[in-house]
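Right, one structure below, let's go through it.
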Amino acid sequence: MLRIEGYVIVSADGMLADANHVMPQALKFKGDLEFFTAGLDRADLVVHGRNSYEDQPNSPLRKRIILTHRVTNIAADPDNPKATLWNPAGASFEDACNRAGVHDGTVAIIGGPSVFEMFLDRYDTFWLSEAPHVTLPGGEGCFPRVPDESPQAVLTSHGLQPRETRILDAANDVRVTAWRRGP
């Protein structure tokens with residue numbers, strides 16, 4: 001059985017990147033990075049888009065699935081023996097997990113927006129970190145419907161509810177909320 005967890009930090013306006021599709025320094029906080037790193041270190045598999053990555057010392061050690069349209073269905077990544085390339089139009093997520101050799105455990109979804117959206121009805125927990133004093137006008141929302149809808153509204157519309165909140169950086173009011181499924 002796979003447990004699906006999403007991880008993102010957003011600005012006050014729901015953006016995960018600036019207008020150039022780059023995560024700016026303004027969204028990088030030590031406490032959030034430590035939380036994110038610990039989550040990925042516990043995960044059995046990391047899933048992300050072709051342009052997303054965590055750029056950390058343990059990154060090359062992590063088993064991962066990279067979403068791309070460069071393959072027909074599923075293929076080994078020629079540049080990373082721990083990575084599986086997956087085209088969702090050609091194969092199921094379960095098939096990609098099987099190819100990656102992961103049949104149970106925790107799967108960490110780390111983006112981008114279309115990747116986060118693909119799993120909205122499958123998340124067990126979505127860890128939404130917020131930097132309330134940062135705005136990124138014209139930036140890239142964490143879900144395709146942002147900024148027309150807030151990230152919280154998108155999560156709620158897919159049956160996730162805010163549970164516990166933790167402070168990650170008190171000086172900057174950065175916090176993470178666990179959005180979970182069920183009552």
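Structure values in brief
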| item | result |
| --- | --- |
| Test result for Gly111, open to solvent by less than 50 Å² (accessible area, probe 1.4 Å), in contact with an Asp or Glu (Cβ under 9 Å, 6 or more places away or on another chain) and at positive phi | no |
| Condition met for Asn20 (exposed (fewer than 15 other Cβ atoms within 10 Å of the Cβ), assigned to a loop (DSSP other than H, G, I, E, B) and touching a residue at least 60 places away in the same chain (Cβ under 8 Å)) | no |
| Among (1) farther than 17 Å from Leu128 by Cβ; (2) open to solvent by 50 Å² or more (accessible area, probe 1.4 Å), the one test that Ala83 misses | (2) |
| Selection within the stretch 139-162 - surrounded by fewer than 20 Cβ atoms within 10 Å (Cβ to Cβ) and more than 25 Å from Lys30 (Cα to Cα) | Pro144, Arg145, Pro147, Asp148, Glu149, Ala153, Thr156, Ser157, His158, Gly159, Gln161 |
| The stretch 28-62, residues that are among the aliphatic types (A, V, I, L, M) and in contact with an Asp or Glu (Cβ under 8 Å, 6 or more places away or on another chain) | Leu40, Ala43, Val46 |
| Which listed residue, of Leu155, Leu128, is in contact (Cβ under 8 Å) with a residue 60 or more places away in the chain, among the hydrophobic types (A, V, I, L, M, F, W, C) and not in a loop (DSSP other than H, G, I, E, B) | Leu128 |
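Residue-wise test of (1) closer than 25 Å to Arg163 by Cβ; (2) open to solvent by less than 50 Å² (accessible area, probe 1.4 Å).
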{"site": "Asn98", "(1), (2)": "no, no"}
{"site": "Gly105", "(1), (2)": "yes, yes"}
{"site": "Met118", "(1), (2)": "yes, no"}
{"site": "Asp121", "(1), (2)": "yes, no"}
{"site": "Ser129", "(1), (2)": "yes, yes"}
{"site": "Pro132", "(1), (2)": "yes, no"}
{"site": "Pro137", "(1), (2)": "no, no"}
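The values are calculated or read from the model by the stated rules, or taken from the named source; none is laboratory data. Note that the structure is predicted; figures quoted are calculated from it, not measured. Every residue, glycine among them, receives a Cβ derived from its backbone with ideal geometry; neighbour counts consider all protein chains shown. The accessibility values were calculated without ligands, DNA or RNA, using every heavy atom of the protein model including side chains. Shrake-Rupley method; radii C 1.70, N 1.55, O 1.52, S 1.80 Å.
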